1. Could you please state, rounded to a whole Å, how far the C-alpha centre of the stretch 1-50 is from the C-alpha centre of the stretch 366-426?
2. Can you work out the PRE-style zone for Asp185? Point 7 Å along Cα to Cβ, and I want the residues of the stretch 55-99 with backbone N under 16 Å.
3. Please report the net charge: other residues with Cβ closer than 14 Å to the Cβ of Glu166, K and R +1, D and E -1.
4. Among Leu335, Ser198, His287, flag the residue with its Cα farthest along the positive direction of the charge dipole of the chain, charges on Cβ as +1 for Lys/Arg and -1 for Asp/Glu.
5. Would you mind giving the average projected area, over all directions, of the Cα convex hull of the stretch 1-72 in nm² with one decimal?
6. Given an 8 Å cut-off on Cα distances and at least 6 residues of separation, report the relative contact order of the stretch 309-433 as a percent.
7. Using the beta-carbon distance between Ala162 and His237 and R0 = 51 Å, what value does 1/(1 + (r/R0)^6) give for FRET efficiency, to the nearest 0.05?
8. Please compute the alpha carbon radius of gyration of the stretch 200-354, then divide it by the globular-protein estimate 2.2 N^0.38 Å. Two decimals is fine.
Amino acid sequence: MPIATLAINGGNPVCVDPWPVWPQCTPATLAHVERALTSGRWTISGPYRGKPSFDQQAARAFARTCETDHCVLTASGTGGLYVALEACGVGAGDDVVVPGLTWVACASAVLGVNAVPVLADVDPDTLCVTPASIEAAITDRTRAISVVHLYSGLADMEPIMALARERGLAVIEDSSQAHGARYADRPVGSLGDVGVFSLQGSKLLTCGEGGAIVTSDARLARRAEHLRADGRTVARHPVQPGEMELLETAEVMGGNVCLSELQAAVLLAQLDELEAQNARRRQAADHLSPLLAELGCQPQATAPATTARSYYRYAVRLPEPLTDRVPADRVAEALGAELGFPVTPTYQPLGASRLYRPGTRRRFATGPDFLERVERGRTPLPAATAAHCRTVTFGHEVLLADPQRMGTIAAAFAKVLDGVDTLGAGDAPRAPTSDGHLRRKLGDFQATTSPVETEDPVLPPLHLI
Ligand SMILES: *Cc1c(COP(=O)(O)O)cnc(C)c1O
């Protein structure tokens, strides 16, 4: 049979029908927002109006979802990471183990509390850190381990917690990509000392921008409360309408990373949709994965103790002989052209990520050795680099489509894999990732923080080390 011309080369695409979009408004979301707007209180740092704030209602509801005793809502997932790190006592002079394959905020938040991220490589199948990779990244200054459940894979929390207990380290379980997933029949976020969630617009549960910290440790929760609201905590006893509900308890000095009442109202309504939406995504993924496996692709794995999976991005490793010839980002582009939704490679390994540039910030020039230690923390990450060169991903909203349409996705994969030799290497891929580049990419990790170039003439180059 002749090879069909790929859409990226001017052929007919496999699919022209639209796919679901994200986020999705509901009548309850609209009603909640109207109630927040007309309540006379748009923030928890405003006077009490005789009704529980949306912040407190949503926090209680999310704690129930996570089966934890406490939840503190924050303005973003990044803000939540700051608060969680400081609640665990992380600060100047400390190292924190950070996964080498994840969103940049996982490392920049560590820098933000004056600590040093030390990158740990990931398991090639789950794309999450492992006890062995964490162990390799532990130093005599390590105070905490940050674990990320990436895309749809869960890290193997039980042996990770055992390692952390043995070494006396706190575990921050960043579940920003796994809302509603369960490990050993426990909700993610409840397995570490403290769980952190992003509620940003692309996430499985969202209120636009937002974050949440969950824990069953009352001391950690109280510190987190202080840290997010300038040293104030919510009154434990009823206050009179017109009085402030936030009390200046001041056991810890904080910053302001509170969520507004409008966002908390959206969150409370959206939380009701999470379980059913996750079930639909899971059903679609269960339909798709065997079809892609038949084509020689390897869908992302998850820890064996996973009891309910949630899909933030669907990730699948391409057949290896193919990625030796054509970079994953080129295949991803061709798949996107066939399907009409964005398909992308994984994150760049953090050590080589263009977003991870500590040297561009004066605030990190705290001493002669700080940025040198940060550079040492950019350890080589062969598995994360290989994953980036071989894996393609797409967003969870696609999995909300009718499960029948998963056949269309598999058809697009089959067509692109058949025609892969007509793809070429592409003319200047934005993030060159071909296998030929693998060694050079690994070389990038050895790059040190040189003077930062800037195209803005007003901003002279910084010379921080
Ligand atoms: C999205 C995300 C964050 C950052 O959350 P924001 O709400 O965008 O600040 C942190 N960690 C992980 C794993 C994420 O996916």
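Here, each number is a calculation from the coordinates, and none is a lab measurement. Computed from a predicted structure; not experimentally measured. Cβ placement follows ideal geometry from the backbone for every residue including glycine, while neighbour counts extend to all protein chains displayed.
1. The two parts, judged by their Cα centres, are 23 Å apart.
2. Output list for this probe position: 67.
3. So the surrounding residues net to 0.
4. Looking along the dipole axis, the top candidate is Ser198.
5. Convex hull of Cα atoms, orientation-averaged projection: 10.3 nm².
6. 46 percent
7. Result of the calculation: an efficiency of 0.80.
8. The value comes to 1.48.
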